[in-house]
Amino acid sequence: MDWQGQKLAEQLMQTMLVAFALVAFLIGYWIGSFQMMLLIYAGGVVLTTLVTVPNWPCFNRHPLKWLDPSEVDRHPRPQPVKSKKKPTKQK
Amino acid sequence: MHSFGYRANALLTFAVTILAVMCAMASFSDNLNNPSPTAEVKVLSINWFQRQPNGNDEVSVTLNISSNLQSMFTWNTKQDAFNGFFLVGSGSSYCRKDDRNSASQKVFVFLAAEYATPMNSLNQVSLWDGIIPSKEQAKFWVHTTNKYRFIDQGNNLRGKEFNLTLHWHVMPKTGKMFADKIVMTGYRLPDEYR
């Protein structure tokens with residue numbers, strides 16, 4: 001996934017899980033069935049997994065623009081500067 | 001979120017955390033319940049009242065215990081999926097049999113006699129207990145002799161006044177178990193052995 005896709009997937013996942021949890025709790029409390037609450041929530045978790053975890057094409061609409069190989073020669077890699085002074089010794 | 005495994009892990013962790021929060025809310029919702037239980041016990045007869053060879057008094061009583069604990073059951077109370085039949089008869093206490101050995105708890109109930117003696121300031125003797133598997137069976141009456149023996153530590157029971165207390169423990173599906181009781185006063189044992 002590209003960056004935009006990852007952000008979208010994360011937001012979707014959090015929103016969907018919280019929404020399903022709220023819906024499941026309210027329905028379960030209203031009809032008085034603990035088991036129904038758990039079932040609705042489990043269904044919500046499975047649905048969220050199917051939507052956000054696999055690498056769907058909608059998460060890849062902003063692909064990363066990698067640098068062209070010919071650019072590498074025009075911008076040489078900077079060399080690390082070697083320091084000659086040792087900072088602790090003083091004579 | 002860069003890989004399949006990372007997303008699956010994040011999702012599962014978050015889902016389980018939310019599940020824990022939901023269970024906490026469900027447990028908290030039990031506090032919104034205002035229960036109004038009732039109970040009444042009649043001592044129908046004192047079958048016998050003897051002093052044992054080791055010096056302790058023992059009583060056998062026949063009781064009629066009637067109670068309505070339906071308001072204790074909430075959506076968060078453990079219940080059986082399968083209801084069996086129960087045996088009620090004189091001489092046997094309220095018990096329940098079913099085919100599956102489902103050990104799921106429901107509401108535990110027990111009846112205790114409380115009295116004071118010179119030796120112990122408070123004695124509590126359990127006379128009967130039972131399990132209520134579901135809300136429908138929480139309104140019940142039982143006609144039984146005491147399931148457990150009513151034996152004193154000493155010989156102080158002649159003419160003794162005692163209270164009968166019905167205790168119950170409500171088992172939740174998630175959260176804290178809570179217990180309460182109803183005290184019924186005004187019972188008295190006979191003055192002489194029978």
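The values are calculated or read from the model by the stated rules, or taken from the named source; none is laboratory data. Predicted, not measured: the structure shown is a model, and the values here were computed from it. Here the Cβ is made from the backbone with ideal geometry for all residues, glycine too, and neighbour counts use every protein chain on show. With ligands, DNA and RNA removed, areas are computed over all heavy atoms of the protein, side chains included. Shrake-Rupley method; radii C 1.70, N 1.55, O 1.52, S 1.80 Å.
If you line up the long axis of helix B:4-28 against the longest principal axis of chain B, both from Cα atoms, how many degrees apart are they, to the nearest 10? Tilt relative to chain B: about 30 degrees.
Along its principal axes, the range A:1-53 has C-alpha extents of 44, 14, 8 angstrom, given from the largest down. The range A:36-60 and the range B:21-71 have Cα centres spaced 48 Å apart. How large is the direction-averaged shadow of the alpha-carbon convex hull of chain B, in nm²? If I average the Cα hull's projected area over directions, I get 15.7 nm². Looking at the calculated P(r) for the protein assembly as shown, what percent of the C-alpha pair distances fall above 34 Å? Value for the protein assembly as shown: 52 percent of Cα pairs lie more than 34 Å apart.
Beyond 18 Å, the tail of the calculated P(r) for chain A holds 68 percent of the Cα pairs. Work out, in µm²/s and without decimals, the Stokes-Einstein translational diffusion coefficient of the range B:1-69 at 37 °C, 0.692 mPa s, Rh from Kirkwood over C-alpha pairs. This corresponds to a translational diffusion coefficient of 180 µm²/s. For residue B:148 and residue B:47, the difference between the fully extended length at 0.36 nm per residue and the C-alpha to C-alpha distance is 34.9 nm. Rounded to the nearest 10 degrees, the inclination of helix A:3-31 to the longest alpha-carbon principal axis of chain A is 20 degrees. Helix A:34-52 and the longest principal axis of the C-alpha atoms of chain A enclose an angle of approximately 40°.
Highest average first, the peptides B:2-9, B:68-75 ordered by how many other beta carbon atoms sit within 10 Å of their residues are B:68-75, B:2-9. For the protein assembly as shown, the mean residue ellipticity at 222 nm estimated from helices alone is -9000 deg cm²/dmol, where every DSSP H run of n ≥ 4 contributes -39500 (n - 2.57) and the total is divided by all residues, rounded to the nearest 500.
Among the residues of the range B:1-49, those with an accessible-area drop of 50 Å² or more from chain alone to full protein complex, heavy atoms and 1.4 Å probe, are B:1, B:7, B:11, B:14, B:18, B:22.
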